[in-house]
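Notes for the one structure printed next.
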Amino acid sequence: MATTKDYKDFVLDKLSLLENITCKTMMGEYLLYYNQILFGGIYDNRFLVKMVNGNKRYHMQEVIPYDGAKPMYLVEEIDDPNRVKEIIIDTCKDLLVKNNKKQSHK
């Protein structure tokens, strides 16, 4: 089942505390970026973020976004914009460090 436009709009509204959020369509689902860092997506009307050390402390449920994909965390506290903002910032901090390490090893 693909994500509905209404749910996508709902999630983007909840992310409004953060500037520089972008959303790109991918095969009926949506990829989410913060400051050009891919941190998660919306899959089957579920808001998911990548799994990194920095967001383990939120004790989110691990789910598979689609067949063959790596597990991600399900953000269930979508109605708490401040909490969502913290989760995204912590996720992106770790992803930025991880990406910088990959680039320095090239």
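The values are calculated or read from the model by the stated rules, or taken from the named source; none is laboratory data. No experiment lies behind these values; they were computed from the predicted model shown. When we count neighbours, we look across all protein chains shown, and the Cβ atoms used for this are built from the backbone with ideal geometry, even at glycine. Please note that ligands, DNA and RNA were not included when accessible areas were found on the heavy atoms of the full protein model with its side chains. Shrake-Rupley method; radii C 1.70, N 1.55, O 1.52, S 1.80 Å.
Here are a few things to note about the model shown:
- The one condition from (1) surrounded by 15 or more Cβ atoms within 10 Å (Cβ to Cβ); (2) in contact (Cβ under 8 Å) with a residue 24 or more places away in the chain that ASN35 does not meet is (1).
- Cβ-Cβ contacts under 6 Å between residues 6 or more apart (or on different chains), taken from a first residue in the stretch 8-26 that is within 14 Å of TYR43 (Cβ to Cβ) to a second residue that is open to solvent by less than 50 Å² (accessible area, probe 1.4 Å) and at pLDDT 95 or above, are listed as LYS8/TYR30; LYS8/ILE42; VAL11/ILE42; VAL11/PHE47; CYS23/TYR30; CYS23/LEU32; LYS24/LEU31.
- Residue within the stretch 62-84 that is small (Gly, Ala, Ser), without any contact (Cβ under 8 Å) to a residue 60 or more places away in the chain and open to solvent by less than 40 Å² (accessible area, probe 1.4 Å) present: yes
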